[in-house]
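The values are calculated or read from the model by the stated rules, or taken from the named source; none is laboratory data. Everything numeric in this text was worked out from a predicted model, so none of it was measured. Glycine gets a Cβ as well: all are built from the backbone with ideal geometry, and neighbour counts include every protein chain shown. Heads up: the accessible areas ignore ligands, DNA and RNA and are worked out on the full protein's heavy atoms, side chains in. Shrake-Rupley method; radii C 1.70, N 1.55, O 1.52, S 1.80 Å.
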Amino acid sequence: MGKPTINDVAREAGVSKKTVSRVINRSPLLGQQTRERVEAVIARLGYVPNPQARALALRRNFTIALVHDGTCDALLPLAIRGMHDALAGTEFALLLHRIGADSAASDVRSLIEAHRPFGTLLMPSIALDSLEFGDDNIVEIATSEVRTAERKAMEHVVTLLAGSGHSRIGFIGGPEHSKSARARELGYLDALADLGLDRGASLITSSEGDFASGLEAARLLFEISPRPTAIVACNDEAATGIIHAASRAGIAVPNDLSVVGFDDSPAARRLSPALSTVAVPYEHLAGIAATRAANLQTGSTGTGLAPLRFIPRGTSASPG
């Protein structure tokens, strides 16, 4: 006998070929009993759907695209690992695609039109209005729930720094288009307001969330008088720039200046001293986002997001 076909499955299950196709493509238009009967026949016959035919029918390829703009490169390996684990053993493949920060919407549209991915994941630095993409299955790794947690975590960090004696706390923000960067800045402002600390504009500088702009932003904060005794950055990359700027200016970390990042990227542990930062479970979040984008049935619809953890390391201490 040759390989079983979709016609064989339909005949054995007593349904139409279209019904079999709907089962294979996870259509919600079927009753549970019909779905289970067809799936049992598929398993018994050992039928393997033709991926090209399925892609043609769905007008999508079995790829999940991970889109980034180059500002989260340190986090990409974590997101890729989480997606890989979530998609392991499935028919889906991972497509990595870089876009321009200033042309995000048009670049994502071009990606979808050219490659027709089954789903598209956005790294946290990318802000798009998914409504303009209709049914193109755009999934954010940093959901509104994650951004709320980021805001609370940043508020907690600033409160801890103030509790250890810091009253002049600077902040280096991220790109204007980043929802996560904005949430973290709001957490910083929340803490200063609650504590009654100086929240003047001179204590806040912006950056692109990378090393070079973090270094330049730190130089601006060093010119303030009195200088901040602690600086919190929107992410670890910018925080690394602060540490290098302090070294060049002869400012000792942490004796003269405490520095705190955000993300707990792999580089945070490799610095000397190691960077104090907030751990965000990107592997876990990317895995959940990939599962959603692939429409895989996991029995869970929430993120299961654990509280983000502040990890004190060698770059933060009480002011000298």
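In the stretch 192-320, Cα pairs under 8 Å separated by at least six residues give a relative contact order of 22 percent. Excluding same-chain neighbours fewer than eight residues apart, the lysines reachable from Lys152 by a Cα-Cα span under 19 Å are Lys179. Taking amide H as placed 1.01 Å from N in the peptide plane, Arg313 has its amide H under 5 Å from the amide H of Ser276, Thr277, each at least 5 places away in sequence or on another chain.
Here the stretch 227-320 is treated with +1 on each Lys and Arg Cβ and -1 on each Asp and Glu Cβ, and its dipole about the Cα centre works out to around 100 debye. When you restrict to C-alpha pairs under 8 Å that are six or more residues apart and normalise by the size of the chain, the relative contact order lands at 17 percent.
Springs between alpha-carbon atoms under 10 Å, Gaussian network over the chain: tell me which of Ser202, Ser21, Ser180 tops the mean-square fluctuations. The residue that fluctuates most here is Ser21. Bridging of Lys17 to lysines at a Cα separation below 21 Å is possible for Lys3, once same-chain residues fewer than 8 apart are set aside.
Taking a quarter of the surface of the Cα convex hull of the chain gives a mean projected area of 18.7 nm². The Rg/Rh ratio for the stretch 138-272 is 0.95, where Rg is the radius of gyration of the alpha carbons and Rh is the Kirkwood radius. Per-residue accessible area (protein heavy atoms, 1.4 Å probe) orders His156, His97, His68 as His156, His97, His68, starting from the largest.
The GluC sites (Glu not before Pro) found in the stretch 188-259 that occupy coil by DSSP, while having at most 14 further C-beta atoms within 10 Å, are Glu223. Across the options Ser27, Pro49, Ala252, the greatest Cα extent toward the positive end of the charge dipole of the chain (unit charges at beta carbon of Lys, Arg, Asp, Glu) belongs to Pro49.
Counting only protein heavy atoms and a probe of 1.4 Å, the accessible surface of the chain is 51% carbon and sulfur.
Summing Lys and Arg as +1 and Asp and Glu as -1 over all other residues whose Cβ lies under 13 Å from the Cβ of Ser258 gives a net charge of +2.
With Kirkwood's inverse mean 1/r over C-alpha pairs for Rh, give me the Rg to Rh ratio of the stretch 254-298, two decimals please.
Computed over Cα atoms, the ratio is 1.25.
Rounded to the nearest 20, the Cβ-based charge dipole of the chain about its Cα centre (Lys and Arg +1, Asp and Glu -1) stands at 1180 debye. With Cα atoms defining each centre, the stretch 96-128 and the stretch 168-235 are spaced 29 Å apart in the structure. In the chain, the DSSP beta bridges split such that about 10 percent are antiparallel, to the nearest 5. Shape analysis of the stretch 86-155 based on the Cα gyration tensor places the equivalent ellipsoid semi-axes at 23, 17, 11 Å, largest first. Annotation note: GluC sites (Glu not before Pro) in the stretch 146-192 located in DSSP loop regions with a Cβ neighbour count of at most 13 within 10 Å are Glu176. Judged by the gyration tensor of its Cα atoms, with axes a ≥ b ≥ c, the stretch 209-279 is prolate; a/c meets the 1.5 cut and a/b is the larger of a/b and b/c. The residues of the chain expose, per residue, 47 Å² of accessible area to a 1.4 Å probe. Would the stretch 196-238 count as rounded, prolate or oblate if I go by the C-alpha gyration tensor, calling it rounded below 1.5 in a/c and otherwise prolate when a/b exceeds b/c, oblate otherwise? Judged from the Cα gyration tensor, the stretch 196-238 comes out prolate (a/c at least 1.5, a/b above b/c). In a solvent-free Debye calculation with one equal scatterer on each Cα, what is log10 I(q)/I(0) for the stretch 195-317 at q = 0.11, 0.15, 0.16 Å⁻¹, listed in the order of the q values? Ignoring solvent entirely, the Cα scatterers give -0.45, -0.71, -0.78.
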